[in-house]
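Values in this text are rule-based calculations from the coordinates and carry no lab data. As the structure is a computational prediction, the values presented were derived from the model and not from experiment. As a convention, Cβ positions derive from the backbone with ideal geometry for all residues, glycine included, and neighbour counts pool all protein chains shown.
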Amino acid sequence: MTFSDLITEAGYAEQREVSVRSVQRERAQRIGPAFIKVGRKIYYRPLAIEKWLLSKEQVQPRSPKPV
């Protein structure tokens with residue numbers, strides 16, 4: 001893996017269509033995907049984002065069949 005494989009904090013926020021501050025808030029609350037911190041910069045691995053998204057997936061319950 002190289003730096004070119006990583007997504008910046010701003011790039012991740014743009015993909016999600018939220019502000020950078022929203023991403024920072026989620027990270028502080030430990031509810032976002034795993035991240036890498038290099039100095040003061042934050043990066044995300046695409047696979048970490050995918051894993052986090054899959055953990056948020058919900059199956060819609062089926063309504064009971066009429067008898």
The set of residues whose placed amide H lies less than 5 Å from the amide H of Ile42, leaving out same-chain residues fewer than 5 positions away, is Glu9
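Please compute the net charge surrounding Trp52, taking Lys and Arg as +1 and Asp and Glu as -1 over other residues with Cβ under 13 Å from its Cβ. Please report the intermediate quantities before stating the final value.
Details: positive: Arg16, Arg27, Arg30, Arg45, Lys51, Lys56; negative: Glu26, Glu50, Glu57.
In short, +3.
Tell me the mean residue ellipticity at 222 nm calculated for the chain from its helices only (DSSP H runs of n ≥ 4, each -39500 (n - 2.57), averaged over every residue, nearest 500).
Values: 3 runs with 27 residues, N = 67.
Computed mean residue ellipticity for the chain: -11500 deg cm²/dmol.
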Taking θ = phi - 60°, what integer Hz values does the Karplus form 6.51 cos²θ - 1.76 cosθ + 1.60 yield along segment 34-42, in sequence order, with x for Gly and Pro? 4, 9, 10, 10, 10, x, 9, 8, 10
Log entry: pair-distance distribution for the chain, C-alpha pairs binned every 10 Å from zero, whole % per bin is 18, 47, 17, 9, 7, 2, 0
Cβ charges +1 (Lys, Arg) and -1 (Asp, Glu), total dipole of the chain, debye: 300 debye
In whole Hz, what ³J(HN,Hα) sequence does segment 6-11 give by Karplus (6.51, -1.76, 1.60; θ = phi - 60°), x for Gly and Pro? 8, 10, 6, 4, 5, x
Calc'd 3J(HN,Hα), segment 58-63, phi into Karplus 6.51 cos²θ - 1.76 cosθ + 1.60 (θ = phi - 60°), Hz, glycine/Pro = x, comes to 10, 8, 6, x, 7, 6
